[in-house]
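The values are calculated or read from the model by the stated rules, or taken from the named source; none is laboratory data. Note that this is a predicted model, so its numbers are computed, not measured. Here the Cβ is made from the backbone with ideal geometry for all residues, glycine too, and neighbour counts use every protein chain on show.
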Amino acid sequence: MTIDESISVVEFLIAAYPNAKVTEKTIELYTQFLHFVPYELGQAAALKLIVNKTFFPTIAELKEAMQNLAPPKDGPPTPEEAWGEVRRQLDIYKAPTWSHPAIEKAVRDIGLRNMCNSYSPGTDREHFFRIYETYRRRDVDRVENESIRELTTSIIGQIGNADMKKMLGSVG
């Protein structure tokens with residue numbers, strides 16, 4: 001997120017906790033932390049903390065709230081689980097069925113025939129891990145962004161965009 005977006009998330013938290021003693025240095029620190037996070041995720045985590053916490057959240061609590069907003073457990077398997085699935089399905093005479101599209105894409109990129117005929121499974125494993133992790137991360141990010149977008153739309157619908165801007169405008 002941009003610096004301005006980071007500041008708006010921190011201002012939102014400050015508005016919700018009027019008794020918190022927040023210094024300029026605290027705002028700067030939170031802004032730096034939030035700068036590396038998608039804006040929608042920061043907003044959603046801040047709202048979650050406002051609803052559930054009595055006191056101004058620490059960065060650790062903010063990070064934990066963001067992690068709890070992660071995609072559901074039915075997302076892509078870990079690289080180790082995916083590699084195990086690939087090893088079980090390696091058969092040049094039978095079309096494999098994959099549990100997740102990211103596995104299928106990684107195997108397609110390497111080549112099923114190449115993997116079946118390979119004499120270096122360790123190298124194949126490392127190569128698969130790199131490629132699969134790219135596809136897995138994209139999928140996780142896509143799902144996460146969709147869920148946050150839905151949550152943000154819902155929040156703005158409940159609070160009202162004008163009320164949100166008015167509330168944030170009074171902070172500072």
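If you go through the stretch 30-46 and keep only what is within 11 Å of the chain's Cα centre (by Cα) and not in a helix (DSSP H, G or I), you end up with 37, 38. The single condition among (1) β-branched (Val, Ile, Thr); (2) outside the structural domain of residue 128 (by TED's automatic domain parsing); (3) without any contact (Cβ under 8 Å) to a residue 40 or more places away in the chain that residue 92 does not meet is (2).
Of everything in the stretch 22-46 that is of a type in the set (Val, Ile, Thr) and in contact with a helix residue (DSSP H, G or I) (Cβ under 6 Å, 6 or more places away or on another chain), the residue that is farthest from residue 139 (Cα to Cα) is 22.
All of 102, 106 fail the test of being out of contact with any Asp or Glu (no Cβ under 6 Å at 6 or more places or on another chain), surrounded by 18 or more Cβ atoms within 10 Å (Cβ to Cβ) and under 30 Å from residue 150 (Cα atoms), apart from 106. Determine whether the stretch 92-107 contains at least one residue that is in a helix (DSSP H, G or I), at pLDDT 95 or above, under 25 Å from residue 142 (Cα atoms) and among the basic types (Lys, Arg). Within the stretch 92-107, one or more residues are in a helix (DSSP H, G or I), at pLDDT 95 or above, under 25 Å from residue 142 (Cα atoms) and among the basic types (Lys, Arg). Annotation: of all residues in the stretch 1-29 being part of a helix (DSSP H, G or I) and free of Cβ contacts under 8 Å to residues at least 24 places away in the same chain, the one that is nearest to the chain's Cα centre (by Cα) is 4. All of 82, 102, 106 fail the test of being of a type in the set (Gly, Ala, Ser), touching a Lys or Arg at 6+ places or on another chain (Cβ under 8 Å) and without any contact (Cβ under 8 Å) to a residue 40 or more places away in the chain, apart from 102. Looking at (1) in the same structural domain as residue 134 (by TED's automatic domain parsing); (2) surrounded by 13 or more Cβ atoms within 10 Å (Cβ to Cβ); (3) of a type in the set (Lys, Arg), can you tell me which one residue 63 breaks? For residue 63, the exception is condition (1). Of all residues in the stretch 47-64, exactly one satisfies the criterion of being closer than 19 Å to residue 141 by Cα and modelled with pLDDT of 90 or more, namely 62.
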